[in-house]
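For reference, the structure discussed in these notes is given below.
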Amino acid sequence: MGLFSRMKDGIKGRAGAALDKAIDPEKELDMAILELDEQRTKALEELVSYKASAKSMEQEMVKQEERAAEWEKRAMIAVKAGDDEAAKQALREKKNCALELAKIRRDRDLAAGYAAQLNKSRKEFETRLKLLK
């Protein structure tokens with residue numbers, strides 16, 4: 001009797017292992033849906049983050065434009081007062097503001113491009129999710 005019970009337990013163990021190795025399509029589908037949903041959520045979070053960054057960069061651009069205009073006014077006042085050194089310094093500061101403005105614009109444009117890619121990716125995830133569901 002001990003021999004048969006051991007053989008029975010061995011067969012049950014092998015059968016259980018075979019069942020564990022077998023692929024359950026429903027579980028795989030559920031895992032794929034869960035993974036796509038997580039990726040969609042991450043893409044949406046990144047999209048919101050990049051849009052917020054772009055908005056703050058636009059505000060910084062306005063500040064730099066205002067600073068450049070202020071330095072130009074100071075340069076004109078210095079020229080009228082006959083202070084060429086102050087005018088040169090003001091024009092250097094205006095140029096620095098213009099360079100910073102160009103840098104911020106470039107960064108904003110890169111962020112906007114990446115945000116567009118993220119938005120496209122998010123839409124693709126949503127389409128795949130709808131198909132899987």
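The values are calculated or read from the model by the stated rules, or taken from the named source; none is laboratory data. Everything numeric here is computed off the predicted structure, so don't read it as measured data. Cβ atoms come from the backbone with ideal geometry, glycine included; neighbour counts cover every protein chain shown. Calculation scope for accessible area: heavy atoms of the full protein, side chains included, ligands and nucleic acids excluded. Shrake-Rupley method; radii C 1.70, N 1.55, O 1.52, S 1.80 Å.
Compute the label zone of LEU99 within the range 47-72: residues whose backbone N is under 15 Å from the point 7 Å along Cα-to-Cβ.
68
If I histogram all Cα-Cα distances within the range 25-83 using bins 10 Å wide from 0, what percent of pairs lands in each bin?
Calculated over all Cα pairs of the range 25-83, the distribution is 20, 19, 16, 15, 12, 9, 6, 3, 1 percent.
How much accessible area does GLU26 have with a 1.4 Å probe, in Å² rounded to the nearest 10?
130
Tell me the accessible surface of ASP107 in square angstrom (1.4 angstrom probe, heavy atoms of protein chains only), to the nearest ten.
Only protein atoms counted, so the area is about 50 Å².
Quick one: what does P(r) look like for the range 25-132 with 10 Å bins over all Cα pairs, in whole %?
For the range 25-132, the binned pair fractions read 15, 26, 18, 15, 12, 8, 5, 2, 0 percent.
Relative to 2.2 N^0.38 Å, what does the C-alpha radius of gyration of the range 91-133 come to as a ratio? Two decimals please.
Its radius of gyration relative to the 2.2 N^0.38 Å reference: 2.02.
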